[in-house]
Amino acid sequence: MPRRSDPGNGGGSDLRADSPAPARSGPAPHPGGTTPAGVAAVDLGASSGRVVLGQVGPDTLRLTVAHRFANEPVRVGGTLHWDILALFREALTGLRAAGPVASIGVDSWAVDYGLVDASGALLGNPVHYRDTRTDGVLEQVTRRLGAERLYATTGLAQLPFNTLYQLTAAVATPQFGAAHRLLMIPDLIAYWLTGQVGAEITNASTTQLYDVHTRTWADGLMADAGIPRHLFPPLREPGTRIGPTLPGLDLPGTPDVVAVGSHDTASAVVAVPASGEHFAYISCGTWSLVGAELDRPVLTEASRRANFTNEGGVDGTIRYLRNVMGLWPLQECLRSWGGPDLAGLLAAAAREPAFRSVVDIDDPAFLPPGDMPDRIAGACRRTGQPTPRSPAAVVRCIVDSLALAHRRAVHQVQELSGRHVDAVHIVGGGARNALLCQLTADACGLPVLAGPVEATAIGNVLVQARAAGAVGGDLAALRRLVRQTQRIVRYEPERGSGAARADERRVEV
């Protein structure tokens, strides 16, 4: 797997296949004699969370992970919930460990929400987007409102877990009847930190109740969907000061909470170390979000049929992307196998025959938790392919299939947007998976630049630092700082890898 350090990062050794991109040790004095701004990022992922201390200045970007914790859903009474109180407790633990900071920013996954009553009390634990309550709801809503109208208004792909469908499934529940406000997950955490209610725009744009043209709530769509407008709080732009933290939280000092790109992908895209506009990004973790950054939405019929989505980005940009299943099947396999050593498994998978068996990684059959190795094997049997029988063979099937899904999405984003792509940037946890990065380069026929791994936290702290005046400039300036301070690994495509031929195979699961 030939790879080398990106010349734009000042050199440095390559990362091992399983090693995290190095976080810079901090805090440290700024070369000019002043201390860079210290800010804290509360970064909640779908399977884990972290609190990261960032030290940011004009030529400084250092990260220290203050606290990491698991994010484990809980099934109660047949419903899958997020343990939101445990997440808030762990966030506070991390903020205390981080020490005094100027501000705090919160980001998380999209689409999920909490309902609060008129007194501000939470009405039950938020329901997980993988819960089955939305089964069949997408079709019901689409018949009533029309797929074309939904896309023309919101620009969002039709995904069964979108907030619109969750709310439709919940509308007859007692909690919904008592609800005064709906708060997306990062806005709920910010509310508990400050007592201030609002909706940050990048996460609001994932609800399918946000007008992508006017950048406001889609009042008419809400009315026709039977969703009360009063539930939705005023919108906030990234970089807006929300307010000081409340007394009684036992935090060091009284830091401000600042709205960031609170959809974790929006923060991750801020940290994509691109040097121009002709790039594709893959924010790769539990999901792979594959797309391009645009100035305006793409709302064509071809885009709708391809299930591409137009989500709000920082500085008024559009994150034009496709949701790909990502590393979720691999994560579920590791859980089923009792947590074996991933580095060893990836090394063994690299020795397996390439593209021997591939599956449609986006098939809804892979969405719920459960026995993923059995579902992977079953999909191969149904499509007449060799059944992977060892963990290494299953991992190779997943990684090959994911690389091909990346290829299809990168090709489609160029075709649908008219934006040519010269390189693919992989950020997030997938950036430390050397096998996946090389296979993606081979499949796309383009260089892959991998890193930073902690892109979401970096984007979070950069928006806070810019709001405080510690750094200035547009997204290009922020990305320049990422290139100058973070290690990036470059993977060149290998010719004759067989990826293009494998991608032509019709896989129906």
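The values are calculated or read from the model by the stated rules, or taken from the named source; none is laboratory data. Bear in mind that the values here come from a model prediction, so they are computed numbers and not experimental data. Glycine gets a Cβ as well: all are built from the backbone with ideal geometry, and neighbour counts include every protein chain shown. Ligands, DNA and RNA are excluded from the accessible area calculation, which covers all protein heavy atoms including side chains. Shrake-Rupley method; radii C 1.70, N 1.55, O 1.52, S 1.80 Å.
Where both partners of a DSSP beta bridge lie in the chain, what percent of those bridges are antiparallel, to the nearest 5?
Once the DSSP bridges in the chain are tallied, antiparallel ones form about 75 percent.
So I have [x] 23.0; [y] 22.4; [z] 27.3, and one of them is Kirkwood radius over Cα pairs in Å calculated from this model. Which one is it?
It is the one labelled [x].
Subtract the Cα-Cα distance of residue 477 and residue 121 from 0.36 nm times their separation in residues, and report this length gain in nm to one decimal.
Full extension of this stretch gives 124.0 nm more.
State, as an integer percentage, the relative contact order of region 248-389 based on alpha-carbon contacts under 8 Å between residues 6 or more apart.
It rounds to 17 percent for region 248-389.
By per-residue mean of other Cβ atoms within 10 Å, what is the highest-first order of 402-408, 263-269?
Order by mean packing, descending: 263-269, 402-408.
Multiplying the sequence separation of residue 354 and residue 278 by 0.36 nm and subtracting their Cα-Cα distance, what value in nm do you get?
Between residue 354 and residue 278, full extension yields an extra 24.4 nm.
How many angstrom lie between the Cα centre of region 287-302 and the Cα centre of region 150-197?
First find each Cα centre; the distance between them is then 22 Å.
Decide, for region 327-380, between rounded, prolate and oblate: order the square roots of the alpha carbon gyration tensor eigenvalues as a ≥ b ≥ c, take rounded if a/c falls under 1.5, and otherwise choose prolate if a/b is larger than b/c, else oblate.
oblate
Could you give me the ³J(HN,Hα) list for region 130-135, computed from phi with Karplus coefficients 6.51, -1.76, 1.60 and θ = phi - 60°, whole Hz, x at Gly and Pro?
8, 5, 7, 5, 8, 4
Taking only DSSP H segments of four or more residues, each worth -39500 (n - 2.57), what value at 222 nm results for the chain once the sum is divided by all its residues, to the nearest 500 deg cm²/dmol?
-10000 deg cm²/dmol
What FRET efficiency do you get for residue 196 and residue 132 if R0 is 30 Å and r is their Cβ-Cβ distance, rounded to the nearest 0.05?
In this case the efficiency is close to 0.30.
Working out 0.36 nm times the residue gap between residue 75 and residue 175, then minus their Cα-Cα distance, what length gain in nm do you get to one decimal?
34.2 nm
What whole-number value in Å² describes the accessible area per residue of the chain for a 1.4 Å probe?
For the chain, the solvent-accessible area averages 37 Å² per residue.
Tell me the label-point distance for the pair residue 86, residue 381, using the 7 Å Cα-to-Cβ offset, in nm and rounded to one decimal.
So the label points at residue 86 and residue 381 sit 3.4 nm apart.
Describe numerically, in nm with one decimal, the distance between label points set 7 Å from Cα along Cα→Cβ at residue 336 and at residue 300.
3.9
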